[in-house]
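Visitor: Dropping a structure here in C-alpha cells format, bear with me for questions.
Every number in this text was worked out from the coordinates using simple rules, so none of it is lab data. Keep in mind it's a predicted model, so treat the numbers as computed, not measured. No Cβ is skipped: glycine too gets one built from the backbone with ideal geometry, and neighbour counts run over all protein chains shown.
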Amino acid sequence: QLLRAHVDRAPQVTPEFGREMAHSLLGVLVAFLHSFQRKVERFLEAPGEVPPPDGAPGRAIALANCCPPFRAFAERLAQFGHPESEEPRRQAHAALDRVTRACGHVLTRRLFEDLKPYFGKLMKRKWLTSSDAFDAIVMLITGFAQTLRPLHPEPHQVLVSELHRRVLIEYVRPLLQGRLVCTSAKARARVAARLGDEARQLRELFTRLDSASPWLDSVVPRLRELLVLEDTAALQMEVGALARDFPDVRRRHVAALLDARGLRAQGPRREILGVLQDLGGSEAEPGPPRHRTFFSELPATRPVRCLPFHLPRLRLPRRSPARP
C-alpha cells in the first residue's frame, strides 16, 4: 500500500519523475520475485523442507495466491510507459508463472499418483466392457477440484488448464502404446464408441471446472476419427486437421494410431503419413509453447515386428575358473 501511494503521487512532481520511479521500482520488484521464485521452488521441492503431506496443499495454495497481487503491481508499474519497462515486466510475469507452476505441481502430485493405476487399465480388453476405471478417474478429479476452492481465480484457472492437459495426455498415452490393436471394423467401432463417450465426459468435466483450454477437447475426437474412417483420402484430411489443431503431432504418433487401427498395408500408410511431411511436421521442427504442447510429451511405442525365421541359439564356451 505504501509503495502504491508513492507511485501514484510521483507523477504529480513531473511525469518524467513518475516514469523513472515506476521503472526503478519495477526493477526492484523483479529482483524480489526472482528470489521469491527460487525460495518457493526450493521450499516445495527439497525433501528436507517439504511440509507434511497434509499441510503441503494448504501452503502451496497460500503461495500461489501471492502471485496475482504481485502480477497486478508489476502491470501497474509497467503502465507508466517507461521505454525500457517491457523486459522487466516480462521477467516479473515469468517468475510468477514459475511459482504458480511449482505450486500446481505440488497440488496435483498426489492426485496423479492416485490416478496412475486407473490410467493403466485404459485401452485394454476389459476397458471395452467396463467403465469402472474411467469412472474412478472422473471421481478422483472431481473430488480434487473441491480442494482448489481457496485458490484465487487466476492461479485456479492456470492449474485447472494444466490439469486438463495432463489428464488428456495420460488418457491418450495408452492408445499410442499399442495396448489395443483392432483386427476388424467391428472392433474399431467398439473402441471408437468408447472413446467418443469418454471424450464427451472429459469435456463436460473440465467445462464444469472452468478450464481455459478448450483446444484440448478436440484431441480424442480427432483420434477417434482416425480409427473409424475407411477412405484413405478421408484419413489424410483428418491427419491434416489433427496437425492443424496440434502442431506438435509427429509421424510416429500417427503411425502408432495406424497400428492401433490395424492398418498394415504399406501403400495407404505412406499416403496417410505423407500428409505430415507435406505440412512440414518433421521430427526436428520446434514445437508450440509449453502450455500448448501435447503430443511432444507422448512417446509413441511401435510394436516390434518379429523376424520371419528363428535365429540359432549361440552357446558360448564355458570359462574355466581362473587359477590363482
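Visitor: Can you list residues whose amide H is under 5 Å from A212's amide H, if they're 5+ apart or on another chain and H is modeled 1.01 Å from N?
Guide: When sequence neighbours closer than 5 places are left aside, the close amide H contacts are S161.
Visitor: Still on this structure, I have one more. Would you mind pulling out the separation of the Cα centroids of the stretch 191-257 and the stretch 103-130, in Å?
Guide: 19
Visitor: Provide the per-residue ³J(HN,Hα) series for the stretch 138-152, in order, calculated from phi with Karplus coefficients 6.51, -1.76, 1.60 and θ = phi - 60°, each as a whole number of Hz, with x at glycine and proline positions.
Guide: 4, 5, 5, 5, 4, x, 4, 4, 5, 6, 8, 4, x, 5, 4
Visitor: Roughly speaking, what is the stretch gain from D114 to E20, that is 0.36 nm per residue apart minus the C-alpha to C-alpha distance, in nm to one decimal?
Guide: Numbers: separation 94, 0.36 × 94 = 33.84 nm, distance 5.16 nm.
Taking 0.36 nm per residue and subtracting the Cα distance, the gain is 28.7 nm.
Visitor: Step through the residues of the stretch 179-187 one at a time and calculate ³J(HN,Hα) from phi using the Karplus curve (6.51 cos²θ - 1.76 cosθ + 1.60, θ = phi - 60°), rounding each to whole Hz and writing x for Gly and Pro.
Guide: Each residue's phi maps through the Karplus curve to give 5, 10, 10, 7, 10, 7, 5, 5, 5 Hz.
Visitor: I need the phi-derived Karplus couplings for the stretch 57-65: 6.51 cos²θ - 1.76 cosθ + 1.60, θ = phi - 60°, integer Hz, Gly and Pro marked x.
Guide: x, x, 6, 5, 5, 4, 5, 5, 6
Visitor: Excluding same-chain residues fewer than 8 positions from K126, which lysines have a Cα within less than 26 Å of its Cα?
Guide: The qualifying lysines are K116, K186.
Visitor: Between R292 and E87, what is the label-point separation in nm under the 7 Å Cα-to-beta-carbon projection?
Guide: It is 2.6 nm.
Visitor: What do you get when you divide the Cα radius of gyration of the stretch 182-247 by 2.2 N^0.38 Å, with N the number of residues?
Guide: Numbers: Rg = 13.2 Å, N = 66, 2.2 N^0.38 = 10.8 Å.
The stretch 182-247 yields a ratio of 1.22.
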